[in-house]
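Undergrad: Provided herewith is a single structure, encoded as structure tokens, for subsequent inquiry.
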Amino acid sequence: MNRRLFSCIMAIFFALCANAQDFNLKKDSERLTAEKISSTCPKVLAPKTRGGNDYIWWGYPDGGGYVNVIGFDKLAGMLQGGSILKGQKDYNLAMEVPKSFAGATIDSVSIVFWQPLTMKDLKIWFSEYKKDALGNLILPASAEDADYSFSVTTKGIAAQSYNYFALPKSYAIPDSGCIVGYSFTDMVGTIPIVLHYTNGNSGGFYMQYSSNAMTRQWIDGSGWGLGDLTISLHMEASKLTRNIVSIDRVLDDDVCKVGEKVTSSVIIKNESALPVENISYVIYRDGVPQPEQTQYLSSALGYGTTGAINIELSGTTEGLNTYEIEITKTDGEVNQSKDNKQPMNVIALNEFAKRTSVVEVFTGTWCGYCPRGIVGVNKLKNIYGDNIIILAGHSGDPMESNYYMDFMRYVNSGYPSAMFDRAYTADPYMGDNSGYVFGADKVVESISNTYPSEATISIEALWTDNNKKEIKAVATPSFLYSRPSSNPYAVVFLLSEDGMTGFGGDWSQANYYVGETSITDPEMRKYVNGKSYMTETYNNVIVHSWEAYDGMTNGESDVRQGSAQPYHATLDLSANIIIQNKSNLSLAALLINRKHGRIVNAAQVKLTDATCIAGVEETKPVEATYYNINGMRTNTPSKGINIIRKTDGKVVKVIR
């Protein structure tokens, strides 16, 4: 059997075996610490002219100079079924180069290495992007089996920095795109894989491992959220197009008074190989085009990256105002994308619904700066009372909820930080202020003024069994407008607990404010005059969540003004292991609009042994079923506050 035939057979074998072992990231896996590299990514978005030709650097988006560093041994503890990786030292890593770069010629490559002195037998390789008959990506069995490879000496390679290697001969990217990779042996079993500190992209990280003494298999690591390989390619790009910009999504459904204007965002994606600096667009109203407009982007948009343009629209009539946007040109040339049109909506109302604000604060007992978050949300609760819902998502301590953690990983920007109505992220104490000046209330007010609400919502909840392992919940929004066949709303249910305590270091709140003389807020004095680790009772702790990101739908395609459109849910708690006292639980219902992800309105109820009702409004009583203020059913109205369910299903609160 000749070498070429053997290589073909082995390539097919490795394609079919690529997914034989599933490695999924453990929910409780070790969190990587971002490391700083000593030089910046060489990618430049604007092409550089050399000898009459355009040259660019290209690679997957970087992490602003920060990277994740891993190896076989570390992955063995992070991945389900990963124990087979422990002790392995032969690395082969790869990433995809999309077919949008077909026709470009690569003349050099740069790669970040962490500890190059422990590496030997370094090879860089390229192969055409191919799939087998089953649709599996074909990856070479080794660097020698790639279409093109060359050896590199590790002598002189800089640690924790980008290193540049000229190809012995240029490599032309095929029509289908290509795979670029590098292989080496790590002599001492360290952490040699360097990834951009991002969530990663499809095709940005493949790695090979030994499944037994005879077999090597490939893993697609792009779904782990650990980042992409730090490979950048320098290529001659004169034949590449720059005029394919699609509309990725539209963040519309903004609300305004009838006759006023709103500014909505359109997220665009550059699908051409070369960067884009400006785009032109046309807005249609009732099929009639308005004059073409051009916006210059704040920075050039590289391949595969997204950016936002802001579009001003008018709410001319009450209810839903529908427009359409078309991206017509990129850098003055006709846009060739087929996904360049999308509808846009404005909701215009004569009056708005009263909003209950929601603050989701991200914290942890290990976080020494997080005491200011505790003080900040307490201040907000004192200011707004029942008009605000505080929810605390913990990370890295005994109160961490795996169910909510996936959402936190996606949206969290640091500790402490907070999302205000899922519209804006700011400090839970300072808001947008600098220094230790309380300003979170200004953020709450700003969000309420900027994003008025088009609906109210109420929530009912009760335990379904004596063991309290299941909650039956009904969240009922009431909308101030109608829209047919395009219901974008969903409900997120979040369960929180008050009064959580525990023993041991993991339960003590780290405190970096001891002796801090610049803080004058009396409510911070507890921490200024306290100890480095404080005993706390933790409130508003998110202990469970259901569909925390996208929410649950109710199956209704229409939005009907003034009609009850309930969201029914049976919420299972049987697997929850962090709840301490089920008498201290509260359930929140967050009404979100999936078009932009913001919270429209919210309600919260404290769970008792009887039916619980919250988010009701004051009105006159009618014939109904009666409940007292604690949610207990009564035969007749009692003196004081009564909660009444009308015969039409509406829930109200009255005082007698």
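Undergrad: I need the full set of residues from the stretch 53-86 which are out of contact with any Leu (no Cβ under 9 Å at 6 or more places or on another chain) and of a type in the set (V, I, T), in order please.
TA: Correct list: I84 only.
Undergrad: Return the total of residues in the stretch 141-186 being of a type in the set (S, T, Y) and over 23 Å from Q208 (Cβ atoms). Give the steps one after another, and end with the answer.
TA: Applying the first criterion (of a type in the set (S, T, Y)) to the stretch 141-186 yields 142, 148-149, 151, 153-154, 161-162, 164, 170-171, 176, 182-183, 185.
Keeping just the survivors that are over 23 Å from Q208 (Cβ atoms) gives 161-162, 164, 170.
Qualifying residue count, the stretch 141-186: 4.
Undergrad: Still on this structure: Of all residues in the stretch 429-455, how many are among the acidic types (D, E) and part of a loop (DSSP other than H, G, I, E, B)? First the steps, then the outcome.
TA: First, pick out the residues of the stretch 429-455 that are among the acidic types (D, E): 432, 441, 445, 454.
Cutting the leftovers down to part of a loop (DSSP other than H, G, I, E, B) gives us 432, 454.
Residues in the stretch 429-455 being among the acidic types (D, E) and part of a loop (DSSP other than H, G, I, E, B): 2 in total.
Undergrad: What strands (runs of 3 or more DSSP E) lie completely within the stretch 255-301 and have 2 or more residues being open to solvent by 60 Å² or more (accessible area, probe 1.4 Å)? Steps first, answer last, please.
TA: Working: elements: 261-270, 276-285, 293-301.
Answer list for the stretch 255-301: 261-270, 293-301.
Undergrad: If you don't mind, another one. Considering only residues that are modelled with pLDDT of 95 or more, among the aromatic types (F, W, Y) and open to solvent by 50 Å² or more (accessible area, probe 1.4 Å), which ones fall in the stretch 496-515?
TA: Y512
Undergrad: Taking the residues in the stretch 197-218 that are touching a residue at least 12 places away in the same chain (Cβ under 8 Å), farther than 18 Å from T305 by Cα and open to solvent by 10 Å² or more (accessible area, probe 1.4 Å) as candidates, determine which candidate is nearest to the chain's Cα centre (by Cα). Quick ask: steps written out before the conclusion?
TA: Of all residues in the stretch 197-218, those touching a residue at least 12 places away in the same chain (Cβ under 8 Å) come to 197-211, 215-218.
After this cut, where a residue has to be farther than 18 Å from T305 by Cα as well, the list is 206-211, 215-218.
From what is left, the residues that are open to solvent by 10 Å² or more (accessible area, probe 1.4 Å) are 206, 210-211, 215-217.
Details: Y206: 22, S210: 33, S211: 33, T215: 37, R216: 34, Q217: 30 Å.
It comes out as Y206.
Undergrad: Next question. Sort out which residues of the stretch 312-327 are surrounded by fewer than 19 Cβ atoms within 10 Å (Cβ to Cβ) and under 29 Å from the mean Cα position of the chain (by Cα), and write them in order of number.
TA: E312, L320, T322, E324, E326
Undergrad: Suppose we filter T625, T636, T608 for residues that are part of a loop (DSSP other than H, G, I, E, B), open to solvent by less than 60 Å² (accessible area, probe 1.4 Å) and either in contact with a Leu (Cβ under 6 Å, 6 or more places away or on another chain) or modelled with pLDDT under 95 (or both); which single one remains? Please lay out each step first, then the result.
TA: Numbers: T625 fails: part of a loop (DSSP other than H, G, I, E, B); T636 fails: open to solvent by less than 60 Å² (accessible area, probe 1.4 Å).
None of the others qualify; the one that does is T608.
Undergrad: Which one of these is at pLDDT 95 or above, open to solvent by less than 10 Å² (accessible area, probe 1.4 Å) and within 30 Å of N350 (Cβ to Cβ): A455, A440? Even if it seems obvious, please write down each step before you answer.
TA: Numbers: A440 fails: within 30 Å of N350 (Cβ to Cβ).
Just a single option satisfies the conditions, and that option is A455.
Undergrad: While we're here: Taking into account only those residues within the stretch 184-196 that are open to solvent by 20 Å² or more (accessible area, probe 1.4 Å) and farther than 21 Å from G65 by Cβ, which is nearest to the chain's Cα centre (by Cα)?
TA: Kept after step one, since they are open to solvent by 20 Å² or more (accessible area, probe 1.4 Å), are these residues of the stretch 184-196: 185, 187-191.
From the residues that got through so far, the ones that are farther than 21 Å from G65 by Cβ too are 185, 187-190.
On the way: T185: 35, M187: 37, V188: 36, G189: 33, T190: 30 Å.
That would be T190.
Undergrad: Yes or no: T476 of a type in the set (S, T, N, Q), at pLDDT 95 or above, under 29 Å from D406 (Cβ atoms) and loosely packed, with under 13 Cβ neighbours inside 10 Å?
TA: Values: of a type in the set (S, T, N, Q): yes; at pLDDT 95 or above: yes; under 29 Å from D406 (Cβ atoms): yes; loosely packed, with under 13 Cβ neighbours inside 10 Å: no.
For T476, the condition - of a type in the set (S, T, N, Q), at pLDDT 95 or above, under 29 Å from D406 (Cβ atoms) and loosely packed, with under 13 Cβ neighbours inside 10 Å - is not met.
The values are calculated or read from the model by the stated rules, or taken from the named source; none is laboratory data. The structure displayed is predicted, hence computed values, not measured ones. With ideal geometry, Cβ positions are generated from the backbone for all residues, glycine too; neighbour counts draw on all protein chains shown. SASA here: full protein model, heavy atoms, side chains in, ligands and nucleic acids out. Shrake-Rupley method; radii C 1.70, N 1.55, O 1.52, S 1.80 Å.
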